[in-house]
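To start, the structure under review is shown below, and the notes come after it.
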Amino acid sequence: MKHVWSLLYTLVLGLWVGGIALFTFLATPVIFHSFNRDMAALIVDRLFPVYFAYLFALSAIAFALYVLATSAKPAFRSWFCLGLLFGALVISSFVLFKLYPDIAAVKMQVATFERDPDSPARKLFSRMHAVSAVLNLLMFADGISLLLLNTANRERDGNSESPRTECVR
């Protein structure tokens, strides 16, 4: 059964990294290139709640699958993976339940993003958006690290057909 959990864990990591890459590096730039700033912001605002919930769910699922796929007494080095997974869970929880609602509240005070970049609400929004962007990139790096470590262990063990979820043995 651990083999199934391990395969599912790898799949979830792929969805996590792929989802961030698709949204951050493809969908959002295309939307902002295709529409004026206010319209693009409206479109992305519709996607954000789903996107942040998606990342939270995947980080929680990955954490649970990792625990199910590892032995009852994981090696000391596997705690590194648990730390990365826990960090992702904390970040995604913070963004979904605190940061994004706060950003949405501040954004309601901004009449337009087409002009008046010096308004206090716009400046606060920009700072909060920067925090969100950094946390998004941290989630991306976290997921890539977990995916690479998971894959490297399978190859190091000489059996890519039998995935392992310990980050380092």
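The values are calculated or read from the model by the stated rules, or taken from the named source; none is laboratory data. Quick caveat: nothing in here was measured; it's all calculated off a predicted structure. Ideal geometry is used to build each Cβ from the backbone, glycine not excepted, and the neighbour counts take in all protein chains shown.
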What are the residue pairs meeting all of these: first residue in the range 137-150, first residue over 17 Å from Y54 (Cβ atoms), second residue in a helix (DSSP H, G or I) and of a type in the set (G, A, S), Cβ atoms under 9 Å, and 6 or more apart or on different chains?
-> N150/S6
Only one of these is modelled with pLDDT of 85 or more, surrounded by fewer than 17 Cβ atoms within 10 Å (Cβ to Cβ) and under 20 Å from L47 (Cα atoms): K107, K98. Name it.
-> K98
Residues of the range 17-75 classified as touching an Asp or Glu at 6+ places or on another chain (Cβ under 7 Å) and part of a helix (DSSP H, G or I), total = 2
Only one of (1) modelled with pLDDT under 95; (2) of a type in the set (S, T, Y); (3) buried (at least 19 other Cβ atoms within 10 Å of the Cβ) fails for S92. Which number is that?
-> (1)
Of all residues in the range 5-36, which are of a type in the set (G, A, S) and more than 16 Å from F56 (Cα to Cα)?
-> S6, A27, S34
Examine the range 49-63 for a residue that is free of Cβ contacts under 8 Å to residues at least 24 places away in the same chain and over 27 Å from R122 (Cα atoms), and state whether such a residue exists.
-> yes
Which one is farthest from the chain's Cα centre (by Cα), of the residues in the range 3-44 that are touching a residue at least 40 places away in the same chain (Cβ under 8 Å) and surrounded by fewer than 15 Cβ atoms within 10 Å (Cβ to Cβ)?
-> N36
Filtering the range 64-77 down to residues that are out of contact with any Phe, Trp or Tyr (no Cβ under 7 Å at 6 or more places or on another chain) and within 24 Å of W16 (Cα to Cα), which residue is modelled with the highest pLDDT?
-> A64
Going by the structure shown, is L42 modelled with pLDDT under 95 and closer than 21 Å to L99 by Cβ?
-> yes
Please specify each residue of the range 100-134 satisfying the condition of being in a loop (DSSP other than H, G, I, E, B) and either out of contact with any helix residue (DSSP H, G or I) (no Cβ under 7 Å at 6 or more places or on another chain) or farther than 23 Å from F23 by Cβ (or both).
-> M108, Q109, A111, T112, E114, R115, D116, P117, D118, S119
